[in-house]
Amino acid sequence: QVQLVESGGGLVQPGGSLRLSCAVSGISASDYVMSWHRQAPGKQREWVAIIPAIGSSAYALSVKGRFTISRDNTKNTVYLQMNNLKPEETAVYYCKANRNTNVYWGQGTQVTVAS
């Protein structure tokens with residue numbers, strides 16, 4: 001059974017930082033394109049960052065320079081380091097794995113940016 005479990009969310013002040021983790025089981029994350037997405041209340045889910053199995057990472061323009069996606073293949077885990085967070089980035093953050101037609105999502109972790 002494939003599972004993606006996000007953690008690391010919480011309440012942070014504007015300008016603060018959080019590191020999200022996505023622990024993967026049932027598949028080898030190193031064989032998959034891994035990505036982070038977020039969904040704010042009343043809005044559609046949007047893509048945030050992606051790290052391919054091979055190649056360079058990419059970021060949404062709104063987070064470029066502040067967020068960093070990385071993976072630790074020894075732990076089968078993907079991370080999202082988020083710096084200088086803004087209130088409008090309050091959302092549920094989701095981890096996704098895909099390879100060809102196989103797509104898996106985690107349950108999400110809440111990030112709230114407020115003073």
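The values are calculated or read from the model by the stated rules, or taken from the named source; none is laboratory data. Since we're looking at a predicted model, the values are computed, not measured. Don't worry about glycine lacking a Cβ; one is built from the backbone with ideal geometry, like all the others, and counts go over all protein chains shown. Remember, those area values only see protein heavy atoms, side chains included, never the ligands or the DNA or RNA. Shrake-Rupley method; radii C 1.70, N 1.55, O 1.52, S 1.80 Å.
Summary table below
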quantity	calculated
Lysine pair number, Cα distance threshold 21 Å (strictly under), the chain, separation 8 or more or different chains	6
Debye, to nearest 20: dipole size of region 1-101, +1 on Lys, Arg Cβ, -1 on Asp, Glu Cβ	100
Heavy-atom accessible area ranking, 1.4 Å probe, most first, across 19, 38	19, 38
Charge dipole (the chain, unit charges on Cβ, about Cα centre) - positive-most of 84, 98, 25	84
Local electrostatic count at residue 79 - Lys and Arg +1, Asp and Glu -1, tallied over other residues with Cβ under 13 Å	+1
Which of 39, 15, 53, positive extreme of dipole for region 1-79 (C-beta unit charges)	15
Pairs of Cα atoms farther than 20 Å apart, region 11-115, %	35
